[in-house]
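*Asks:* Sharing a structure with you now.
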Amino acid sequence: MEIIAIILFISIFLLILYGYPVAFTLGGLSILYAFCFLDPLTYSALPPRIMGVMSNYVLLAVPLFIFMGIMLEKSGLAEGLLETMAMLLGSMKGGLAISVVIVGALLAASTGIVGATVITMGLISLPTMLKRGYKAELATGTIAASGTLGQIIPPSVVLVLLGSVLNVSVGSLFAAALVPGLLLVLCYLVYIYLIARIRPDWAPPMPSEEIKAFRAHGFVGKVIRAFLLPFLLIVAVLGSIFWGIASPTEAAAVGAMGATLLTVFQRKFNLDVLKQVMQQTTHLTSMVFIILLGATTFSFVFRELEGDIYLVSLIKNSNLSATSFLIVVMLVVFIAGFFIDFIEIIFIIVPVVAPVFVELGVDLIWIGILLGLNLQTSFLSPPFGFSLFYLKGVAPPEITTGHLYRGIVPFIAIQAVFLAIVMLFPDMIYWFQ
């Protein structure tokens, strides 16, 4: 039975790589194996399991955070942030790229939606960077990497889903992710600063005439307007969680309402915008939850086939240490990110390995942060990195796929090195606990 469970896992993975729909592969193949190899009496336990997952109060944060992110995209705040930050730092070498990273971090803390962030920054900043003489690889790599910061900087949909699968507090994951997320931003900034110093022709400064013209009239007011509203939203969402005022789900509701009010304040709100936001939110939420239904079925059948017991005994009998097993899992997740997206990895691989980590006595909050950092690379890893597709869709014709692939390699390397640092120094995740 244990071997059948492993065959089920491999079969699902291969069918997904072959191109079959994830949700129906997970649920359909699991049900087929259940009919063939399980006692029919066990089927009665599946509907309550599914309803228990679907009625999970924490998961209500997923559509609310998605709504918040898409609504903020419509508000036009990103454009004001990018323009203001570019003029603040444009006089220094690499200033435009540094501005993109900082704005990407602010948008990550405001929205957490990778697609919206990458598309917005690609439309606004990529033509400007190319016009100012930036090397295409540096410009595209900076935008794609900065757009994925919403995967690890809270509020993050990835962390909400990981908290549900690992059965740990989402609020604790948010608090633990704050320091690693900010340090990763710092790593990006250091890399860009060094590149601009070593190869100044790759990241030239903006013309001083443009900067003077921007700063000539109402400069302080422009800066305040650009940063105040996103900052208030970040404080309202993350502050309410960290100060114990609201749960992550309640904070997500605050964020959704706050994003709507900001859109109204920016005079971008109308019924057509509301309809678009609701349609996109429903589409993305439905995709996540139908995969979750299939993943719940797979997890149930896998455990009924005693696949989790088999894995635990296999690790124990092989004398594999917790550290060695962790390295293997991180490598598997990293490689899987080249072929399947983060939702599939969370719902297929994480439920299988989580019981082993519990048995080995590893802190699941730390595991959640490591997985979040690792899954961030799935958005950047060629050939199927979603950030690359988003950026290619809005990039000028002269930007080729080769530019995107070459530009993202240094940032993937930075993420891999930083992941190793967090593995070696786990105490950094507890600074805000």
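Each value in this text was obtained by applying a stated rule to the coordinates, not by laboratory testing. As the structure is a computational prediction, the values presented were derived from the model and not from experiment. Counting neighbours? That spans all protein chains shown, and the Cβs are built from the backbone with ideal geometry, glycine included.
*Asks:* Distance check, please: which entries in Lys93/Lys212; Lys74/Lys131; Lys74/Lys275; Lys131/Lys392 exceed 20 angstrom between their Cα atoms?
*Replies:* Details: Lys93/Lys212 17 Å; Lys74/Lys131 25 Å; Lys74/Lys275 12 Å; Lys131/Lys392 17 Å.
The answer is Lys74/Lys131.
*Asks:* Follow-up question, since we're still on this one. Given points 7 Å out from each Cα along the Cα-Cβ axis, report the Val417 to Leu186 separation in nanometres with one decimal.
*Replies:* Reported label-point gap for Val417 and Leu186 is 1.5 nm.
*Asks:* Next question, about the same structure. How much of the pair distance distribution for the chain lies past 41 Å, counting alpha-carbon pairs only, in percent? Spell out each step's value before the answer.
*Replies:* Details: 15802 of 93528 pairs.
Result for the distance tail: 17 percent.
*Asks:* Separate question: Where the eigenvalues come from the Cα gyration tensor of the stretch 311-433, what are the semi-axes √(5λ) of the equivalent ellipsoid, largest first, in whole Å? Working shown, then result.
*Replies:* Working: eigenvalues 195, 51, 29 Å².
Taking √(5λ) for each eigenvalue gives 31, 16, 12 Å, largest first.
*Asks:* Below 8 Å between Cα atoms, with a sequence gap of 6+, how large is the relative contact order for the chain in percent? Kindly include the intermediate steps, with their values, before the conclusion.
*Replies:* On the way: 629 pairs, mean separation 123.5, N = 433.
It rounds to 29 percent for the chain.
*Asks:* For the stretch 287-433, what relative contact order do you get, as a whole percent, if you take Cα pairs closer than 8 Å and at least 6 residues apart?
*Replies:* Values: 101 pairs, mean separation 33.8, N = 147.
The normalised contact order for the stretch 287-433 reaches 23 percent.
*Asks:* Something else about it: Per q in 0.10, 0.13, 0.15, 0.20 1/Å, what log10 I(q)/I(0) does a Debye calculation on the alpha-carbon atoms of the stretch 209-320 return?
*Replies:* Scattering profile of the stretch 209-320, log10 relative to I(0): -0.63, -0.82, -0.92, -1.10.
*Asks:* In nm, to one decimal, how far is the Phe389 label point from the Leu271 one, both placed 7 Å along Cα→Cβ?
*Replies:* A separation of 3.4 nm, rounded to one decimal place.
*Asks:* When the Cα centres of the stretch 1-44 and the stretch 316-394 are compared, how far apart do they sit, in Å?
*Replies:* For the stretch 1-44 versus the stretch 316-394, the Cα centre distance is 21 Å.
*Asks:* Please state the relative contact order of the stretch 347-433 as a whole percent: Cα pairs under 8 Å, 6+ residues apart? Could you put the intermediate results ahead of the total?
*Replies:* Details: 37 pairs, mean separation 23.1, N = 87.
About 27 percent, as a whole number.
*Asks:* Continuing with this model, one more query. Rounded to the nearest 0.05, what FRET efficiency is calculated for Phe37 and Leu194 with R0 set to 35 Å and r the Cβ-Cβ distance? Before the final figure, lay out the partial values.
*Replies:* On the way: r = 56 Å, r/R0 = 1.61.
It comes to 0.05.
*Asks:* Turning to a different aspect of this structure: Projecting each Cα onto the charge dipole of the chain (Lys/Arg +1, Asp/Glu -1 at the beta carbon, about the Cα centre), which of Gly163, Ile346, Leu228 comes out farthest on the positive side?
*Replies:* Leu228
*Asks:* Rounded to the nearest 500, what is the chain's calculated 222 nm mean residue ellipticity when only DSSP H runs of at least 4 contribute -39500 (n - 2.57) each, over all residues? If you can, show how the numbers build up before the last one.
*Replies:* Values: 21 runs with 322 residues, N = 433.
That calculation yields -24500 deg cm²/dmol at 222 nm.
*Asks:* Right, next: Just how far, in whole angstrom, is the stretch 102-172 from the stretch 84-101 if you go by their alpha carbon centroids?
*Replies:* Centre-to-centre (Cα) distance: 17 Å.
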